[in-house]
Structures are given as C-alpha cells and as structure tokens.
There are 2 protein chains.
Amino acid sequence: MDNNDKEKISIAVVKRLPRYYRYLGDLLEHGITRISSNDLSRRMNVTASQIRQDLNKFGCFGQRGYGYNVEMLYNEIKKILGLDREYSLIIIGAGNLGQALANYSNFKKRGFNFIGIFDINPEIIGKKVGNLIIQNVDGLENFLKENKVDIAVLSIPKTNAPQISPILVNNGVKGIWNFSHIDLKTPNNVIVENAHLTDSVMTLSYKISEIENIEQSE
Amino acid sequence: MDNNDKEKISIAVVKRLPRYYRYLGDLLEHGITRISSNDLSRRMNVTASQIRQDLNKFGCFGQRGYGYNVEMLYNEIKKILGLDREYSLIIIGAGNLGQALANYSNFKKRGFNFIGIFDINPEIIGKKVGNLIIQNVDGLENFLKENKVDIAVLSIPKTNAPQISPILVNNGVKGIWNFSHIDLKTPNNVIVENAHLTDSVMTLSYKISEIENIEQSE
C-alpha cells in the first residue's frame, strides 16, 4: 500500500482499526489463519458488510470462498496504524494516572516505550515508577534535546498544560497524548490526540439518561 | 426538548457535546452571557457552520444578530448529556488507574460520585483511596444489592472482566465504563462505554506515521 492509498482511509475507519487489530491478533494467537467476513462479523458484533467495506480497501485480502488471510490482514493493519516501528514516550505528570500509564504493560507490547517521567512535585521527584525515576520537570527541555522523544503524554492539570506544550513542540516531539482537560494549540505537524476522560463518561451518562427517558415514557 | 427530539441527535453530535459544554462553562465562568457562532468558532477551532449545524437542533438559541444565549445553551446541553442529575459509581480494580479515577475531582464536579472501590488483591484491601476504603471484590454482589449503583468502572485486567460483568448486569447497574481491554456483552439496557487507552494511542501512532510518510515523500 503506498501513501496515496493510505490517504484515502477515513478517520472513522482508522478509529475502528485498533479493534480489528485486536481481534485479528487474538485469532492469530489461537492459530486461526483465515476467517470469513461472516465469522468475523459474529465475533465482533458488527455487520459483515461493514467489515467488508472497512477491510476490502486494504487490497484483495478477502476472497470469495476463502475469506481473509488473518496474518496478512493483521500485518497490513499493523503497518497502517504505524505499529511496525517503535515509539519513545515520556510522561509529564506522575500522579496516579501518569503512573498507571507508565505501568501498563500493553503499551510496551505494542512498541510504545516509556523513557522518562516528569513531575513538578518535589515530594515524588526521585521516586521510582516501574523502571523509571521521576524527574524534575525543570529538566524537560534538556531531556528532549538529548533524547529522541516521539510522543509526550500529558497527565497534568489543565492549568499547567499550555506552558508545557510549546516546550514539547519546539523540541521535536511529534505527538501529544493529551489527558489534560484542555484543547492544545500546536502546529500542523504535531499531532494532539485527546483522551479526555470526562468527555467519555458524559457519553455514558447521555446514553443512560436516554434509556431511562425511553423506559419512563413506556 | 422532548424525547422525540432527543432521539434525533446523532451519536457523532453527542460525542461533540462535551466539548461544547466545556467551552460554554468556561464562558459562563468568565461572565460572558451571549456569543455568536463565529466567535465560538474561533475559540473552538471548528467552522461556524458546523457549530450552527450542531447547536441549532436544540431549539432557537441562535438568533441572527444576537448569537447564542450561553446559559440557556449550557443548560440544554447539560440536560441532553444527562448531567442534570447525579450518578453513583463504583470502581472495580483499585490499581493505579482505578485510584487515578477515584481521585479525579472533575468527576465529582459533574455529578459523578464514587461510592465504592473494589479489588481482588488482599494487600490493598482495607487501604484508603480518597474517601473510600478498598473492599474485597467478593462483597461486590452484596454491595450492589444494598446500594443503588448507576455506573461501574471496570479497571481490571481483561481476563477478569467477563466474570465481573454479569454480576453488574444482574444487580441493576445501568452503565459500565470499560477500561478493560476486551469487548463486553451486555443486554441492550446496560450501556457499555469503552475507554480503551491502547486504541487511543494507536490513533496517535497512525497520524504520526502518516505525517512522517508525507514528509519522507516530499
């Protein structure tokens, strides 16, 4: 797949790819080498036509009567998601969330390697989190000059985030995974992926209240 | 707005509402009582036509030459998101992530109240997290029978999640906020909102590798 093909994938499909990747990985682990869109549809609880629509773009992996070649499709999605390489990450904010992320083994398995963790709180600077020692955020800029950092995880209060963001942008960080509850302004070539947990729980409260309204009106 | 109107809101718009809610809340805090779609557009970095499309559904809050009444719009979105009431939550899994969520003050501010936290690990059962004491997950079912719980947060390894899920479903939990990296099967009236952090970071790696591919081909 060349870049021109890649650009045609819509962001809606991209958001669904990690789930396909996860299911295909599970199939591989269980020694399943091919699967029909109908079978995958049942497992993933999406329609077979959605699966065909999503996956047939990636070349002719789905052949009538044969199904998908699980390993080829898995590797293709891996490549599309940029998971055929490793990323170096740092965490800004070593509170509970920062520590949770640093200790989450799934990231390392996928090629996301934490190489530094920073905080502003003198009481925790110097303490160990996993294999890392919490550093003073004052040293962030130097660290970035001396180490290639692909992704910075922002798990700090929203009031501090706008000061940290330019330091990251000006020192070669390519992506910010933003858990701070504020929108960051960055140049076009620095990606911000927001993981706003409050937004996520609000989608849940919306759906719960929607169901309750329906039940009440019945 | 009655239920019939409410059902017409697409899930794509619902996913955007928390961001509007956040910006409108900030405006209110700064004493701004009305705002044009153009001004809101500049602040939120989305097109004014997108804003009008999203918000004009909610009744005639946007009037030509007047703009939106910030407070009315804020309150309407609050109602739509189900935030005009309180929710009781429990956390299953008192690891770093569970503790981070329990301590996150933004949730309480929005009406999400944690009333219990559970774990399987005897070494942490009995310890305090915020105002809560970590309970043995063996007592989960009894707790659910004695307390009204709206939302259960699942922050446990994926292998344990399928055993916990039916206990929640059978004891009146209305929504599961699922951080465990597995898809849960629940009846239609029990909502699952997935917060799969690995999926989120994969969207980031996709976008980073996309930009790098473009840069390399230039």
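For the protein assembly as shown, what Kirkwood radius comes out of the mean inverse Cα-Cα distance, in Å? Computed over the protein assembly as shown, the radius equals 23.5 Å. Placing a pseudo-label 7 Å from each Cα along the Cα-to-Cβ vector at B:LYS57 and B:SER88 gives an inter-label distance of 3.3 nm. In nanometers and ordered shortest first, the copy-to-copy spacing of the A:THR47 label point, defined 7 Å from Cα toward Cβ, is 2.7. Each chain gives up part of its surface: A and B jointly bury about 5900 Å² of accessible area, both sides summed, for a 1.4 Å probe. Kindly state, to the nearest 0.05, the FRET efficiency for A:ARG43 paired with B:ASP39, given R0 = 51 Å and r defined as their beta-carbon distance. After rounding, the FRET efficiency stands at 0.60. Measuring from a point 7 Å out along Cα→Cβ, what nm distances, shortest first, does A:PRO122 have to its partners in the other copies? Distances between equivalent label points, in nm: 4.1. The residues of chain B expose on average 49 square angstrom of accessible surface per residue, using a 1.4 Å probe on protein heavy atoms. If you take all other residues with their beta carbon under 9 Å from the beta carbon of B:VAL13, and give Lys and Arg +1 and Asp and Glu -1, the sum is +2. Compared with its chain on its own, the range A:141-165 contains the following residues whose accessible area drops by 30 Å² or more in the full protein assembly (probe 1.4 Å; ligands, DNA and RNA excluded): A:ILE151. Summarising the label geometry, the points placed 7 Å from Cα in the beta-carbon direction at B:LEU28 and A:ASP138 lie 4.1 nm from one another. Based on alpha-carbon atoms, the Kirkwood radius and the radius of gyration of chain B give Rg/Rh equal to 1.04. With 0.36 nm allotted per residue and the present C-alpha distance subtracted, the A:GLN163-A:ILE124 stretch has 12.0 nm of extension available. Each copy carries a label point for B:ILE167 at 7 Å from Cα toward Cβ; from one copy, the others' points are 4.3 nm away, ordered from shortest. Count Lys and Arg as plus one, Asp and Glu as minus one, and take only other residues whose Cβ is under 12 Å from that of A:ASP26; the net charge is then +2.
The value of relative contact order for chain B, using C-alpha pairs under 8 Å at least six residues apart, is 13 percent. How much of the accessible area of the protein assembly as shown, probe 1.4 Å, is carbon plus sulfur, in whole percent? Answer for the protein assembly as shown: carbon and sulfur cover 47 percent of the accessible area.
The values are calculated or read from the model by the stated rules, or taken from the named source; none is laboratory data. Just so it is clear, the model here is predicted, and its values are computed rather than measured. Every residue, glycine among them, receives a Cβ derived from its backbone with ideal geometry; neighbour counts consider all protein chains shown. The area values use the complete protein model at the heavy-atom level, side chains included, leaving out ligands, DNA and RNA. Shrake-Rupley method; radii C 1.70, N 1.55, O 1.52, S 1.80 Å.
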